[in-house]
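K.L.:
Got a structure for you, written out below as structure tokens; questions coming shortly.
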Amino acid sequence: MSTLIINADDFGYSTGINYGIIHAFQRGILSSTTMMANMPGFDEGVTLAKENPTLGIGIHLTLTAGRPLRQDVKSLVDEAGNFHELAFYEKKFEIDTEDLYKEWKAQIEKVIQSGLSPTHLDSHHHVNTIPLITDVFTELAREYQLPVRNNFSVPEDIPTTNRFITTLDTIGGVREIWKAMQIRNIIEDCKTFGIVEAMCHPGYVDHTLVQGSSLREYRAVMVAELQRQDYAEILEANDITLGTYDDLANQ
């Protein structure tokens, strides 16, 4: 039997994102999510996570959205005190890695102190794949003994899935005939690799999202897509179990 971890990024971003994720979990095939500790929906997200204890909750380490938790990480912020936008990291940049370590450690600690037990680490906008940042990311994964998303060359001593795919994240925007092909590809990945993470971005559009994100209306499409009964039936028919990063311990 194979395990598919369907993980929603951006839990804690806003009320709309939070409830889109929860509905995709309660009514659909979503099985895991990752929390943004620095965003406005964090406290609400914690409450919802505790009300839905079988939803896997990881940590979505954030460097390119909102403001930092700490006040002493000047190399990570712009003149207004906000995190640098992603474009800052798409060219030659300079940050103090000690600032990054302190801020990301604060984000991890905030999640733990809220009473949640994080299942794994990943990062907003995949910034953990940037070489200088990767070192801090892996250091914290080792320190907290947490698995990580398999979107970079993961060291052998850090647990991860056998495969990471983004196919599911775009499925709502393609023709129905192509959706069947994408689902077949996901099934084949699960059968080949055993334990797979499929990333997605469900959510409902609200004011916070409109003000801060370019990925908007498609999120609501993703909520609906994850609730399709035929997807759940196809996975079951192929002996694919929905899981979380906690299932890595059983592999």
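Just so it is clear, none of the values below were taken in a lab; they were calculated from the coordinates. Just so we're clear, the structure is a prediction, and the values are computed from it rather than from any experiment. Backbone-built Cβ (ideal geometry, glycine too); neighbour counts: all protein chains shown.
K.L.:
For the chain, modelled as a GNM with alpha-carbon contacts under 10 angstrom, which of Glu85, Glu103, Glu225 fluctuates the most?
P.N.:
Highest fluctuation of the listed residues: Glu85.
K.L.:
Related question: Based on Cβ point charges of +1 for Lys and Arg and -1 for Asp and Glu, what charge dipole magnitude is obtained for the stretch 187-251 about its Cα centre, in debye rounded to the nearest 20?
P.N.:
That gives the stretch 187-251 a dipole magnitude of about 300 debye.
K.L.:
If the cut-off is a Cα-Cα distance under 27 Å, which lysines reach Lys92, setting aside same-chain residues fewer than 8 apart in sequence?
P.N.:
Lys74, Lys102, Lys105
K.L.:
With θ taken as phi - 60° and the coefficients 6.51, -1.76 and 1.60, list the Karplus ³J(HN,Hα) couplings across the stretch 217-231 in order, rounded to whole Hz; mark glycine and proline as x.
P.N.:
Each residue's phi maps through the Karplus curve to give 4, 4, 4, 5, 4, 5, 4, 5, 4, 5, 9, 5, 5, 5, 5 Hz.
K.L.:
A further question follows. Enumerate the aspartates and glutamates that Lys91 could reach by cross-link, defined here as Cα to Cα under 20 Å, with residues fewer than 8 away along the same chain left out.
P.N.:
Asp78, Glu79, Asp99, Asp135
K.L.:
Collect residues whose amide H, placed 1.01 Å from N in the peptide plane, falls under 5 Å from the amide H of Ile5; neighbours closer than 5 in sequence don't count.
P.N.:
Excluding prolines and chain starts, which carry no amide H, the hits are Val196, Glu197, Ala198, Gly243.
K.L.:
Taking amide H atoms as placed 1.01 Å from N in the peptide plane, list the residues 5 or more away in sequence, or in a different chain, whose amide H sits under 5 Å from that of Gly56.
P.N.:
Ser32, Thr33
K.L.:
Among bridges DSSP assigns within the stretch 1-159, what percent are antiparallel (round to 5)?
P.N.:
Numbers: 1 of 12 bridges.
Counting DSSP beta bridges with both partners in the stretch 1-159, the antiparallel share is about 10 percent.
K.L.:
Only loop residues by DSSP count here, and only those with at most 15 other Cβ atoms within 10 Å; note down the chymotrypsin sites (Phe, Trp or Tyr not before Pro) in the stretch 125-170 that meet that. Intermediate results must be reported in sequence, preceding the final value.
P.N.:
On the way: sites: Phe137, Tyr144, Phe152, Phe164; in loops: Phe152.
Hits after loop and neighbour filter: nothing returned.
K.L.:
Also, quick follow-up: Using the 10 angstrom Cβ neighbour count as an exposure proxy, how do Leu209, Leu86 rank, fewest first? Intermediate results must be reported in sequence, preceding the final value.
P.N.:
Values: Leu209 23, Leu86 14.
Going from least to most buried by this count: Leu86, Leu209.
K.L.:
Suppose only helical runs count, i.e. DSSP H with n ≥ 4. What mean residue ellipticity at 222 nm does that imply for the chain under -39500 (n - 2.57) per run, divided by all residues and rounded to the nearest 500 deg cm²/dmol?
P.N.:
Details: 9 runs with 100 residues, N = 251.
Taking each H run of at least 4 residues, the total per residue is -12000 deg cm²/dmol.
K.L.:
Less than 14 Å Cβ to Cβ from Glu176, Lys/Arg counted +1 and Asp/Glu -1: what total charge do the surrounding residues give?
P.N.:
Once positives and negatives cancel, what remains is +2.
K.L.:
Separate question: Met199: net charge of surrounding residues, Cβ under 12 Å, Lys/Arg +1, Asp/Glu -1, itself excluded?
P.N.:
Details: positive: Arg149, Arg163; negative: Asp9, Asp10, Asp122, Asp169, Glu197.
With Lys, Arg at +1 and Asp, Glu at -1, the net is -3.
K.L.:
Fewest to most neighbouring Cβ within 10 Å: what's the order for Lys191, Lys110, Lys91?
P.N.:
Values: Lys191 14, Lys110 17, Lys91 6.
Fewest-to-most Cβ neighbours within 10 Å comes out as Lys91, Lys191, Lys110.
K.L.:
Right, another one. Order the peptides 115-123, 194-202 from the highest to the lowest mean number of other Cβ atoms within 10 Å of their residues. Could you put the intermediate results ahead of the total?
P.N.:
Numbers: 115-123: 19.8, 194-202: 23.3.
Listed from highest to lowest mean packing, they are 194-202, 115-123.
K.L.:
Stretched out fully, how many nm does the piece from Asp78 to Arg184 gain, at 0.36 nm a residue minus the Cα gap? Please list the in-between numbers first.
P.N.:
Numbers: separation 106, 0.36 × 106 = 38.16 nm, distance 4.45 nm.
Length difference between fully extended and current span is 33.7 nm.
K.L.:
What does the net charge come to around Asn185 if you take all other residues with beta carbon closer than 14 Å to its beta carbon, with K and R at +1 and D and E at -1? Show your work: numbers first, answer last.
P.N.:
Values: positive: Arg163, Lys179, Arg184, Lys191; negative: Asp169, Glu188, Asp189.
So the surrounding residues net to +1.
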